[in-house]
Amino acid sequence: MGRNRILMFGLLTVVVVGILVSLPAVRQELRQILNTIQLYISDNPTGPKLPDRKNDKEECGYCHSDKSRDFSKKYQHAPFAKWFCKDCHASHTVGSGKYEYVVEIDKLCTTCHFNRKPNALYPYQHMPYEKGHCTDCHDPHASDYEYLLRMPQKELCASCHRMEIFWNFSVKHKPYEIGACADCHDPHASKYRGMTRLPGKALCFTCHYDRQSETLQPVQHLPFSTGECTNCHGAHATNADALLLLPGNSLCLSCHVGMNEKLKTGYVHTPVKRKCTECHVPHASRYPALLPEQRTNLCYLCHGDLRPEFQKASRHPVGNGLLECDGCHDPHVGKGPKLEREKGNQLCYLCHLGLESTYEQLAHAKKAKGPGGVGACTNCHVPHGSQWKPLLRDKQEPMCNNCHTKIAKARINHPFGENYKDPWHGGTMHCTSCHGPHGTPYKKFTLLPDDGFCLKCHGEKRKDNNKYYTVHRLVPEKNEPKPKEIETKVPPRSANKTKAVNKKAGQ
C-alpha cells in the first residue's frame, strides 16, 4: 500500500511539472534562470553564452557600424557581444531615429536581470534604479569598467553625489579614498538607511572585525552597543584621527554636556585637558565608566610613585574595595589643586563624619600651623600612608612636642614612650592615652572630666567607702618593689559634678 502511494505521488508530480513547463511564461522564467547560471560558470568574460542563432549584424550593423568600436572594450553586454540586438531593441523603420525596445525601457533590464526584482521591495532605493533608469549608470553595450559602468565607480557616484567637500579632509575612509563606494553601499536598493549593505556595526565589522570581540564586554559605550558607529566616526572623511567627527575632547563633550560647565569650576585633571581616551576606552571595557583598568590601578599607570605609600603600616584602605583614589580625588575636575573633591578638612569629613563637630571647636583647628595650613588635618596626618599610626607624619610624641614645646621642656612631665605601658587602653603610653587630639567635651580635651581620667590608671575604689579612691604613685621610690599606695579623698566623677552644680546654684 505504501509503495502505491509513492508511485502515485511521483506520477502526479511529473504531470504537474509537465503542465507548468508547457506554459510560455514558465518557460521564459526557466530560460532566464539557465542563462544566469551560464553567466557565472562561463569562461567568456563578456557575458553568458547565448543560444546559437543568426545574429542581427547584417540587419543592424549596416547603419550602426559606429558601435563596432565598442567591441574593443574590456567588458561587453552579452547580447551586444553576439550582435543579438533584437533581444533589447525592436525593429524600426530605417532613418526614423527612434529608440524602440521590446518592452518598456524601465522594465527592459529586469527581463534578464530578474535577480534584481526583489530589490524593488526594499524601503531604500537608488533613484535611477527606482525609476528604471539603469543606463544612467550602466552602458547597455560595452565599457572599460566593471559592471559596464559608464565611468570609474568613484567618478560615477560623485557625478550625482557631490562629495568634494570631504576630499579636502585630512583623514579619509579607505573605501571612499579609493572610490569603492559599493563596498559599503548597495547601488540598487537596500533594507537599511543610507543604502548600506548591512545595518550599523555589522557593516563596519566586515572590515574592522578586530572590534567584534568588544561586543562581549560587560560595559559598552552606548553608540557602540546600539551599532551607531557614525555617531562618533565619519563614514567618508574628517579632519580628526580615527575618522572622529570632532577633534580631541570636543566629540565627547558634545554628548557629555554636563562636563562642559564642570570644567570651568576648578582644577582640571591633565589627561582631561588632552584627551578623554587616555583614561577611557571608546568602545567597551570590563570595568565601569569604560576604564581600561580597575580604578586605582589606572591611577598607578601615571602615579606609580604613590603605590608604596599604600603599602605602609598605616594607610588609607585604597584599592581593596573599601576605598579608591576617586573617593578623595575627582578624576575630572577637583575643588583643590590635587583634584580634591572638597577643600581642606571638608574632604576628611566626607568619611570621618563625627569629627567635625568636636575638632572645629579646638585650638588645633583654629591655631595649629603646619604643611596643610592653619587647622588642617594634614598638619598631623599624611593623606596616603605612613609608618606611624594613625597616618601620622612622625612619632606621636615628637610631633606633639613641635607645637607643645613648653610642656615638652617642663621640669616634670608625665612619663610616656615605649618604656611605659598604658594600663587604661593597653599598649604604649602616648599623649593620646589621656587626650583626644580631635576634641572631647572636656577641658584640655581630656578623655574624661576632671581627675577621672587620672584615676583610670592611678586609683581603685576603696572597698570600705565607694565614694573615695585609693591611689598610688606612678613609679616606685628607691628600694621599693612597687609604687606605694597613698590614701586620698578624691571623690568620683558623680560627686564632683554634683558639688559643682550646687556651688553654681549658690547652695
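The values are calculated or read from the model by the stated rules, or taken from the named source; none is laboratory data. Quick caveat: nothing in here was measured; it's all calculated off a predicted structure. No Cβ is skipped: glycine too gets one built from the backbone with ideal geometry, and neighbour counts run over all protein chains shown.
Observations
- A residue that is in contact with a helix residue (DSSP H, G or I) (Cβ under 9 Å, 6 or more places away or on another chain), of a type in the set (S, T, N, Q) and not assigned by the TED database to the domain that holds T432 cannot be found anywhere in the stretch 297-319.
- Qualifying residue in the stretch 362-370 (condition: surrounded by 17 or more Cβ atoms within 10 Å (Cβ to Cβ), touching a helix residue (DSSP H, G or I) at 6+ places or on another chain (Cβ under 6 Å) and modelled with pLDDT of 90 or more): no
- Residue match in the stretch 164-177 (condition: of a type in the set (D, E), buried (at least 16 other Cβ atoms within 10 Å of the Cβ) and at negative phi): no
- Unique match (being among the small types (G, A, S) and in contact with a Cys (Cβ under 7 Å, 6 or more places away or on another chain)) among A368, A376, A363: A368
- Residue that is nearest to Y145 (Cα to Cα) [pool: residues in the stretch 66-110 that are touching a helix residue (DSSP H, G or I) at 6+ places or on another chain (Cβ under 6 Å) and aromatic (F, W, Y)]: Y75
- Answer from R150, R116 - the residue that is modelled with pLDDT of 90 or more and basic (K, R): R150
- Residue match in the stretch 311-333 (condition: in contact with an Asp or Glu (Cβ under 9 Å, 6 or more places away or on another chain) and over 16 Å from H384 (Cα atoms)): no
- Once the stretch 212-230 is narrowed to residues that are in contact with a strand residue (DSSP E or B) (Cβ under 7 Å, 6 or more places away or on another chain) and part of a loop (DSSP other than H, G, I, E, B), the residue that is surrounded by the most Cβ atoms within 10 Å (Cβ to Cβ) is H221.
- Given (1) within 30 Å of Q294 (Cβ to Cβ); (2) buried (at least 16 other Cβ atoms within 10 Å of the Cβ); (3) out of contact with any Ser or Thr (no Cβ under 7 Å at 6 or more places or on another chain), index of the condition V318 fails: (3)
- Hey, A120 under 30 Å from G179 (Cα atoms), surrounded by 13 or more Cβ atoms within 10 Å (Cβ to Cβ), in contact with a Lys or Arg (Cβ under 7 Å, 6 or more places away or on another chain) and among the aliphatic types (A, V, I, L, M) or not: no
- Within the stretch 249-302, the residues that satisfy the criterion of being among the polar types (S, T, N, Q) and either surrounded by fewer than 17 Cβ atoms within 10 Å (Cβ to Cβ) or part of a helix (DSSP H, G or I) (or both) are S250, S254, N260, T265, T270, T277, Q294, T296, N297.
- Members of the stretch 80-101 found to be exposed (fewer than 14 other Cβ atoms within 10 Å of the Cβ), of a type in the set (A, V, I, L, M, F, W, C) and touching a His at 6+ places or on another chain (Cβ under 9 Å), listed by number: none
- Which numbered condition L20 misses (of (1) modelled with pLDDT of 60 or more; (2) touching a helix residue (DSSP H, G or I) at 6+ places or on another chain (Cβ under 9 Å); (3) not in a helix (DSSP H, G or I)): (3)
- Among the criteria (1) closer than 30 Å to P128 by Cβ; (2) within 22 Å of the chain's Cα centre (by Cα); (3) free of Cβ contacts under 8 Å to residues at least 12 places away in the same chain, the one L198 does not fulfil is (2).
- Residue that is in the same structural domain as C348 (by the TED database) and not small (G, A, S), where the choices are K443, K389: K389
- Within the stretch 231-248, the set of residues being buried (at least 18 other Cβ atoms within 10 Å of the Cβ) and not in a loop (DSSP other than H, G, I, E, B) comprises H233, A237, T238, L243, L244.
- Single residue of K499, K421 found to be at pLDDT 85 or above, farther than 24 Å from A365 by Cβ and among the basic types (K, R): K421
- Candidates in the stretch 39-78 are the residues that are of a type in the set (K, R) and at pLDDT below 70; of these, the one that is farthest from S91 (Cα to Cα) is K49.
- Residues satisfying the stated conditions in the stretch 270-311, i.e. more than 27 Å from T215 (Cα to Cα) and among the small types (G, A, S): G304
- Some residue of the stretch 200-207 being modelled with pLDDT under 95, under 30 Å from A289 (Cα atoms), out of contact with any Leu (no Cβ under 9 Å at 6 or more places or on another chain) and part of a loop (DSSP other than H, G, I, E, B): yes
- Count of the stretch 212-244 residues, restricted to those that are under 27 Å from F166 (Cβ atoms) and either touching a Lys or Arg at 6+ places or on another chain (Cβ under 6 Å) or of a type in the set (S, T, Y) (or both), is 6.
- On inspection, S386 does not qualify as over 50 Å from the mean Cα position of the chain (by Cα), crowded, with 17+ Cβ neighbours inside 10 Å and modelled with pLDDT of 85 or more.
- Checked across the stretch 26-38, the condition of being more than 30 Å from E146 (Cβ to Cβ), at pLDDT below 75 and either surrounded by 10 or more Cβ atoms within 10 Å (Cβ to Cβ) or not hydroxyl-bearing (S, T, Y) (or both) holds for at least one residue.
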